[in-house]
Every structure is written in structure tokens, then in C-alpha cells.
Amino acid sequence: MATLTQAPPPVAPPVPEKRPPRRRGRWTPYLLLLPGLLWLFVFFALPVIYQASTSVQTGSLEEGYKVTWHFATYWDALSDYWPQFVRSVLYAASATVLCLLLGYPLAYLIAFRAGRWRNLIMILVIAPFFTSFLIRTLAWKTILADGGPVVDVLNTLHVLDVTAWLGWTAGDRVLATPLAVVCGLTYNFLPFMILPLYTSLERIDPRLHEAANDLYARPSTTFRRVTFPLSMPGVVSGTLLTFIPASGDYINSDLLGSTDTRMVGNVIQSQFLRILDYPTAAALSFILMAAILFIVTLYIRKSGTEDLV
Amino acid sequence: MKTTKDTTTPGHGGDVRLTGIGKTYGSFTAVHPLDLTVPQGSFFALLGASGCGKTTTLRMIAGLEEPTEGTVHLGDQDVTALPPYKRPVNTVFQSYALFPHLDIFENVAFGLRRRGVKSVKKQVEEMLELVQLGEQARKKPHQLSGGQQQRVAVARALINHPEVLLLDEPLGALDLKLRRQMQLELKRIQTEVGITFVHVTHDQEEAMTMADTVAVMNAGRVEQLGAPADLYENPRTTFVANFLGTSNFIEAEVDSKSGGELVLKAGGGKLVLPEARNSAPTTAGGKVLVGVRPEKISLIHADDAGEIPGGRNRITGRIADSSFIGVSTQFVVDSPVCADFEVYVQNIDRDARLAPGAEVVLHWDPAHTFGLDAAQDIDAGVETVEEEVV
Amino acid sequence: MNTRQSRIFGTSVNWLKRHFVVIAGLLTLAYLLLPNIIVTVFSFNNPRGRFNYTWQEFSTEAWQDPCGVSGLCASLSLSLQIALWATLGATLLGTMIAFALVRYRFRARPAVNSLIFLPMAMPEVVMAASLLTLFLNMGAQLGFWTILIAHIMFCLSFVVVAVKARVMSMDPRLEQAAQDLYAGPFQTFLRVTLPIAAPGIAAGALLAFALSFDDFIITNFNAGSTVTFPMFVWGSAQRGTPVQVNVIGTAMFVTAVLLVLVSLVIGNRRNRHNA
């Protein structure tokens, strides 16, 4: 020890107690959580609870509302607006499936095949967020405009005849039809599908592909047996992050659709901001929420991924 | 040079003393209360299979794990209650735990900076020279090879001149050749700086090559402690006998005692065992496991049995299998007293008759025999970690 | 088809097979970027009438006077301010929650996890309506503060998820090594934990900024008479869209791409210098 030029660090005198509470951390997690959770509780949980009570109130704007446990509001809302509910679920489900089909190749491309272009493509996926999505949705109005190049091509190829027969489009128009709304929904929520997909694909060790190929799996089998199962967490959270906001959306229906494509979001919005029928709006919100929670729980059970957050 | 004001805590604090130290997680006991003293300046190895409690013991010395009971002393100072950052102890972590966001220089300087040392440049550069990484100072850890990373981890710990350096499987991630090289390197550094090294490993060869003293741990207990040669030549339990190298066991019965030697009956024959090398109870008729290492045994064809000098332990058998591995030939001999007797014979003059099926006589010097309590599992410690993994 | 033709056909089919993912991925990328291209092209339009949906003639008029429409640049500046503060608030609160969730085992964990997950699992219109009801009942003045409160609320969960992923993948031995090397809890956090978690925190912050800047539904409910940029666009979509909206949209897109590219290039260069 003769070569030492420096004494060891000063050492505190021994603590007299046998077992000091070294893990002072008992309250630390709660202190860290407190501000954020308080925020969520006051501005998220409380309003939702309050909303629940609004949905069983009766009264009018002038005289004020009282909780009367008037559950009939729910029944009335359902019987008046069930087509919008059905439409919401159908449109959102179609958009989710399309997002998965379109998003998976791109996420796969970024994760495994993009090489030095990876960062650039990633930026191009995220950057449209910074152009307001309203502006971009309005651009679809131009793209799908009557007599525009897209509609012309579809017309020439007789695609529109097929979609019209299926009820997705009307006549030689795409705008103001279900197809336009679903197209807009798909476009708007595609990044929410791509990002979680990419995250889970990127975690897959590329050597697993080689191992699968080595064990006589053709590329398609490798994808089916190895890659896709391993990307399931991304598929699950991607579909949820797409389906949930899509089912409550009203922008796409409003800008690209018509009165025949109105979704539940449109109804809630107008009940709240135009008609000012708060109990009906609240009841509609709760029916939508319950429907989503039901579908989501079912889906999560089925896919076996419990820890989403 | 800084000096500590408190004279009761001497600068270079003497032995590491663990007193009744134990760790339990819920109902699982990772380390049974144990006493252990690591003399100052020694190279001490904690050897055992994974999950035997060796790493937990090391982490309790480092302060990264709080003992459920017992105390840790460095010299005269009780450090049990001190957090890791107040202990004059540094660790070389398993897989190194180099800070990925800092370059090599800053990794090595980390400890000095935290202790408020102002001019670290000279010390860090000297330390990097010592581990031959002067050129790499501005690289990030992920740009170095495994061996280089390992040397950074050692430098990062040593630069603080700790009283004790703890090494948690520091060579586990390296390939065999590099591992041998680093073993010698670490041994050299330890001799040079004279700091106490406590080394945790599951590799018995590594422990024996490097350490002055080895503690063999099994299921949260220290089975045996001693110099490597002692442990190897005179194991006290079947676990130690099997974990350190290979051992042959013969179940025998105590026949008589005379002049410091025990005479034992096994099968039809008699075996002699020095009393000093026996750790089993020796009432007449009691059971003893007679052990002998494969390389201590000579093998001779049954036709030449007359050539065996007197006073040697001998056993007859038939060769079941033989494998030629260059420096030696390893035989498996089927004998009435033991089914798979292993014998390693140096390849000096090879006897062509020693092939599978040949009748042979095994003989060895009684001084190489050791006696163990027959109440234990003969196969304890046979499987090493690597075999379990494969 | 002769053999030569069929061979050419065969190789091109093989080529298509091998590059299927790349082709499909790039088509999706094109789908994602098509509206941005339209927005950019139409920012050089000189439309007749109030709507900017059909091409008339090339003009740089709008680019020379981006703030020429009353209220446009005011709404943009308001949106940027709100996004900045919301990012700051949500990142701070969200990072704290993420650390608590990863680093500590406590009894309320499942409850906390679901409180984090629910805002992401709820349609915006429901959250927006509920929050509006609360504000109305509290008698709060709708405007900048109510928007900010709402934005921090819905950005929070996304920050938690981003930071949590990063902190979870961090080797706990790094912090132990810091402690072993004389860094106390605070120093360990400052010198090791925070720098290593930084990419996750940055990703969360970026996401929060984008979500806040782009939010319309929740803002529309809780803004009162205050007008953010998306609300301005919405309003103009009903009455007629000035070309300047496209100019701002294009400028924001280009700025975002350039900023990220520059930061990447700087990061790369720094790494290469170290090597």
C-alpha cells in the first residue's frame, strides 16, 4: 500500500442503532406520484365521475339539473342513436384493420430493412403531427374531390361500382361517403399504430430470423411463427391506440362525410355544444365508454397481454 | 495527500470481518448466518454454483444488500449501517456496469470526482496506462471489446484505492483464452497494489489459480475454507470433493486403528487411511466414504500385479472405457467396490494392453486417501453451473 | 411465353417477393405523406373564392405575407405557448410517475397503472365533455388556463409510457455502480440515472408537444372564446380556408423535419469525434 497517494474517503462514524432505516424510500414513491396523480384525479377521474352523475339528472338549463336517477335517458339515447353507435364501431374497426395492414410493413421496414434511412423515415412518420391534423384532413378533401384524379382512376377501373354496390360509396363520389371517412380515420391514426409496432419489432433480435431460417423456416413461415408472435404487444397496443380514438372521433366524419356518416362523436359534440342537452350527452358518453371498455377487455383477454402501460 | 482526522478509523483498515451475517428474502434463506474473516491484503475467493449465496455475501460487504442479521467490519469499523457510497470498498460488477453515457476517462474518473478530487487528469491517465488503455480514453464503453471493458471496470474501481476490492464474476463474460490472461493480470495487479481482493466465481479453476484462500459455498453456507491445495487434497465434504475437480468414492467400514492410521474394509479388501485426513466418525464398524483423486491412482494390468510395491491401497477391476486426451489417458474402471472409478494416467509409456475389457489393478499411496462422513450424498456438487446451463 | 420471357418473369416475381415489405412500407409512407404534399402544393395556390380545394394558378403571395389573415398568427403563437407549457408540465409530472412505477414496489401500483392507462383508453370527446362539465360547475373562466390544464392531463399518460419504457430497460447495476463509486442518492440520480433516461424523457416530451400542439377536440370544448391554431383551421374550414393556413402547416412540417435532422447530424458527429 506504499504507492497510495490518497487516503480512502472519509467515513462517517458508525451509526449506533442496529438496523437503521437505510431504505428511506417508503414514502418516496408516493411523493413522486402525488402531483401527477392529483392532476389526473382532479382533471380526469373527478370529471368522469361527475359526468356519470349528470347522465342520471333531469332538469333544464334554466331551472338547473337534479340527480333523479333517471336511467331512461340511457334507453332513450340508445334507441335514438343506435345507428351512430353501430357506425362508430364499424368505421373504427375497419380503420383499425386497415391501419394494421398498412402500418405493419412500414414498421417492419423501419425496424429491419431501413438501414441508414431508419431515422429519416421515422421523422417522416412523426413530422406530419406538426402540420395540424385538421389541415391534413382538409387535404383529403382535395385528394378525393369529385372529378379529381383519384376518383377518375377509380371510376375508370370500375372500383367505384363495386364499392357503391357494397354501400361504401355513392354514385361516382368518394367524398361524403363511408369510404372517405374510413380513409380519413385510417390516415389520422396510422402513426399510433406504427409507433408501438415499431417499438416491439425493434426489440426482436435479428438473429432470431437467421435461427428460424437455419431451422428450415421459409421467410413467410418465419414471419408467421417468429416475428409476428413476438410483435404481439405492439399489435395489441397499436390496435387499441387506433380503435379507441377512432371510435370517438367526429372530425373525419364532419369534414369528409355527410349526415349519413355521422358517428357517436358527432352526436355527443352537438348535444354538448349546440343542443345543450347535457344528460343525453353524458349518457351517450358513458354508453360509448362502456362499449369500448367491454371490447377492449375482451380483446386483451383474448390476446393475453395484460400489461399494456 | 489527504489524511483522515479520526485516528480510530485507520486509513487502510485491516481485515474484512463478517460476524453472523445472514440474508433472507421472505421465506427463502439466501445466506445462512456465517462468520468469515478475510485477512488484509489477501486474495480471497468465494466459490460456488449459481444461487449458493456467494454474490449476496459480496453485495453485503459492498453495502448493496442489507444483511438481515449480523455485522460487517472493515478493520475496527462497523460498516453494517453505512450505505455503499460511504464505504471504502469498490466493486467490479458482473458484466461491468460501465456508464454508457460517459467515455472511458469519465468512467474511471467518476469515483474521484464524487469525492471532490479536483485534478483527476494525472491519476486517471496513470490508471489507464496501468491497464493499457491510455489510447482509448475518449471512447465510449460500447466501442471497446469485452476484455477492454473488463479492464476499465477494474481501473474504475482501483483508482479509488479502496480497502477492499470486490469482484463479482468479473471474467464470466470473457472467452477462455482471454479469461486465463485476465486471471494472471488481476493476480499481478493485486500483488502490486496489495489491496484485499474478494472474488466471487463459479469457476473452480479460476478460484484456485488466483486466490490465496478459497471459501466454497453451497446452499447459503460455507462448506469449507482454506488454501486451494488444502481444499483440493483434503476436502471435508463430498460437495467440496466433487465441486473442486473429480473424486472417486468407496463406501467402507472401519475395521481397526493403529499408529495414526485407520484400516477399513471395502468389498473383500482392506484400505488404509491416515487418521489426520479423515473427517468421519470412526467408531468400529462405522461407515466411511473413502475418497481418492483420479490422478493419484496408478493403473497396472492384472498380469503384472506382482510388481506393485507393498503398503499401497489396491483395488481390482475391469476397464469399462478409456479416452485419450493428449497429455493423459482417462480410464473408467468398473470395480466391485465402486461402479465408475476414474483414473487419469500420464502418457509416459503407454501399455497397449490397457484397453476396455482388460482386467486391471488400481493402486495408490494411502497418504492420498481422504475419509468423509458416509451420511452425505455422494454426488453433491457433481454438476457444475456450465453443465446445468447446457 | 418462351423460356427467356418466363425467366425474366420469374426473376421479377422473385424480386417483388424479396422486396415486398420495402415496397408496401414505402407505399404506406407515401399514403402518410400525400396530404402533406397537397398542403405544400396548395400553399402556392391562388384560389378563386373562399375555399382552397382546387388548383388555380401558382402564386407566392401567401408565403410573402403568412400573417396576412387576421387572427392566424395570434392563434399559432398561442398554440405554441400552450404546447410548450403543457410539455414542460406533463414531462415533469409524467417522469416522476414513471420513476415511481419502475423503481418502487407499493400496494397502490395496479390502481395507479389503470389511472394512467384510462386517459389513453378514453375517447377524447368523452374526456372533453367531462372536463367541460367540471369547469362549468367550478365556474372557471374558460381560456388559456383551462386549455393548459386539459393538455397536461392528456399528455401525462403518454410521457409516463415513454419514460417508463426507457427506465425499465436500464441496468439497475449502473446505479449500484455509481453508489459504489461514492455517489450519494442525489448525485447518482443526477450523474447516472437522468442522463441515461434522457432519450426516453425527450421522446415523451416530443410526443407531448406534438399532441398538445395538434389537439382540437378537447381544446374546442374547453377553450371558451380563445382560439388556438387547430381551432382557427376548424373555423376557417367552415367559412373558407385562407392559403396562409397551408403556408403555416408546411412551415411547421419543414421546421420539425429540419430540427430533428440537425440534432441527429450533430449527435452523429459528436459520436464520430469520440470514436
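Throughout, read-outs are computed from the coordinates displayed, never taken from laboratory work. It should be emphasised that the depicted structure is a prediction, and the values quoted were computed from it without experimental measurement. Neighbour counts run over all protein chains shown; Cβ positions are idealised from the backbone, glycine included.
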In whole Å, largest first, what are the principal axis extents of the Cα atoms in chain B?
79, 44, 37
Cα principal axis extents for region B:247-389, largest first, Å:
47, 44, 22
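Take every Cα pair under 8 Å in chain A that's 6+ residues apart, average their separations, divide by the length, and report that relative contact order as a whole percent.
Numbers: 307 pairs, mean separation 75.2, N = 309.
With pairs under 8 Å counted, the relative contact order is 24 percent.
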Using Cα-Cα distances under 8 Å and only pairs 6 or more residues apart, what relative contact order does region B:16-233 have, in percent?
30
Other-chain or far-sequence residues with amide H under 5 Å of B:Ala173's (modelled H)
B:Ser95
Dimensionless Rg ratio for region C:70-240, taking C-alpha atoms and the 2.2 N^0.38 Å reference
1.22
Got a sec to turn the phi values of region B:199-210 into Karplus ³J(HN,Hα) couplings, 6.51 cos²θ - 1.76 cosθ + 1.60 with θ = phi - 60°, whole Hz, x for Gly and Pro?
10, 9, 7, 9, 9, 5, 5, 4, 4, 6, 5, 9
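In square nanometres, what is one fourth of the surface area of the convex hull spanned by the alpha carbons of region A:151-309?
Details: hull surface 51.8 nm².
In nm², the orientation-averaged hull projection of region A:151-309 is 13.0.
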Measuring from the longest principal axis of the C-alpha atoms of chain B, the long axis of helix B:121-130 (C-alpha) lies at a number of degrees, nearest 10, equal to 20
Have a look at B:Val216, B:Phe243, B:Gly357 and report the one farthest towards the positive end of the charge dipole of chain B, computed about the Cα centre with Cβ charges (Lys/Arg +1, Asp/Glu -1).
B:Val216
With +1 on each Lys and Arg Cβ and -1 on each Asp and Glu Cβ, how big is the dipole of region A:91-263 about its Cα centre, in debye rounded to the nearest 20?
560
Which value, in debye to the nearest 20, gives the size of the charge dipole of region B:247-389 about its Cα centre, when Lys and Arg are +1 and Asp and Glu are -1 at the Cβ?
620
Could you give the angle, 0 to 90 degrees to the nearest 10, between helix B:104-114's Cα long axis and the longest principal axis of the Cα atoms of chain B?
70
Contact order relative to length of chain C, as percent, for alpha carbon pairs under 8 angstrom and 6 or more apart
30
Computed [θ] at 222 nm, deg cm²/dmol, the protein assembly as shown (DSSP H ≥ 4; -39,500 (n - 2.57); rounded to nearest 500)
-16000 deg cm²/dmol
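Check each of the trypsin sites (Lys or Arg not before Pro) in region C:77-132 and keep only those in coil by DSSP with at most 13 other C-beta atoms within 10 angstrom; list them in order.
C:Arg105, C:Arg107
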What residues have an amide H closer than 5 Å to that of B:Val92, excluding those fewer than 5 places away on the same chain, when H is modeled at 1.01 Å from N in the peptide plane?
B:Leu166, B:Leu167, B:Asp168
Any helix of chain C counts here only if DSSP assigns it H throughout, its Cα atoms span 24 Å or more along the axis, and its mean Kyte-Doolittle hydropathy is at least 0.5, and such helices are C:20-42, C:72-103, C:144-168, C:194-214, C:243-274
Globularity index of region B:181-239, i.e. its alpha-carbon radius of gyration over 2.2 N^0.38 Å
1.18
Greater than 23 Å separation of Cα atoms is the criterion. Which listed pairs, B:Lys139/B:Lys187; B:Lys54/B:Lys140; B:Lys270/B:Lys296; B:Lys265/B:Lys296; B:Lys257/B:Lys287, meet it?
B:Lys139/B:Lys187; B:Lys54/B:Lys140
Positive end of the charge dipole of chain A (Lys, Arg +1 and Asp, Glu -1 on Cβ, about the Cα centre): tell me which of A:Thr222, A:Ile251, A:Gly64 has its Cα farthest that way.
A:Thr222
Of the GluC sites (Glu not before Pro) in region A:200-309, those whose Cβ has at most 14 other Cβ within 10 Å and which sit in DSSP loop:
A:Glu306
Dipole size in debye (nearest 20) for the protein assembly as shown around its Cα centre, Lys and Arg Cβ +1, Asp and Glu Cβ -1?
2640
Could you give the DSSP H helices of chain A that reach 20 angstrom or more along their long axis (alpha carbon positions) and whose average Kyte-Doolittle hydropathy is no lower than -0.5?
A:72-108, A:178-202, A:232-248, A:278-303
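Grab the Cα-Cα distance for A:Leu276 and A:Leu230, subtract it from 0.36 nm times how many residues apart they are, and report the gain in nm with one decimal.
Values: separation 46, 0.36 × 46 = 16.56 nm, distance 4.80 nm.
Full extension from A:Leu276 to A:Leu230 adds 11.8 nm.
Using the Kirkwood radius over C-alpha pairs as Rh, can you work out the diffusion coefficient of chain A via Stokes-Einstein at 10 °C, viscosity 1.306 mPa s, in µm² per second? Please report the intermediate quantities before stating the final value.
On the way: Rh = 23.8 Å.
Calculated translational D: 67 µm²/s.
Taking 56 Å as R0, compute the FRET efficiency from the Cβ-Cβ separation of A:Thr221 and B:Ile308 and round it to 0.05. List each step's numbers first, then the result.
Details: r = 65 Å, r/R0 = 1.17.
Efficiency at R0 = 56 Å is approximately 0.30.
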If you take the alpha carbon radius of gyration of region B:26-132 and divide it by 2.2 N^0.38 Å, what ratio comes out, to two decimals?
1.28
Could you work out the pair-distance distribution P(r) of region C:77-137 from its alpha-carbon pairs, with 10 angstrom bin width and percents rounded to whole numbers?
17, 33, 38, 10, 0
Net charge contributed by nearby residues that have their C-beta within less than 10 Å of C:Ala98 (K/R +1, D/E -1)
+3
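Note the per residue figure in Å³ for the convex hull of the C-alpha positions in region A:59-121.
Values: hull volume 10.7 nm³, N = 63.
Per-residue hull volume (Cα only) is 171 Å³.
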Once the other residues with Cβ under 11 Å from the Cβ of C:Gly200 are scored (Lys, Arg +1; Asp, Glu -1), what is the net sum?
+2
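Tell me, which longest segment in chain A has none of the chymotrypsin sites (Phe, Trp or Tyr not before Pro) that fall in DSSP loops with at most 16 further Cβ atoms within 10 Å? Write down the numbers at each step before the final one.
Working: sites that count: A:Trp27, A:Trp69, A:Phe71, A:Tyr216.
Segment A:72-215 is the longest.
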Under 5 Å, built H, 5+ apart or other chain: amide partners of B:Val222:
none
Could you run the Karplus curve 6.51 cos²θ - 1.76 cosθ + 1.60 with θ = phi - 60° over region B:23-30 and give me ³J(HN,Hα) per residue in whole Hz, x for Gly and Pro?
9, 10, 10, x, 8, 8, 9, 7
Along the three principal axes, how long is the protein assembly as shown when you take its alpha carbons, biggest first, rounded to the nearest angstrom?
120, 88, 63
Solitary cysteines of chain C, where the nearest other Cys Cβ is not under 4.7 Å
C:Cys155
Integer Hz, Karplus 6.51/-1.76/1.60 couplings in order for region B:51-64, x for Gly and Pro
x, 8, x, 5, 5, 4, 4, 4, 5, 6, 5, 6, x, 7
Assuming 0.36 nm per residue, please report the length gained on full extension of the stretch B:Ala173 to B:Lys257 beyond their Cα-Cα distance.
25.2 nm
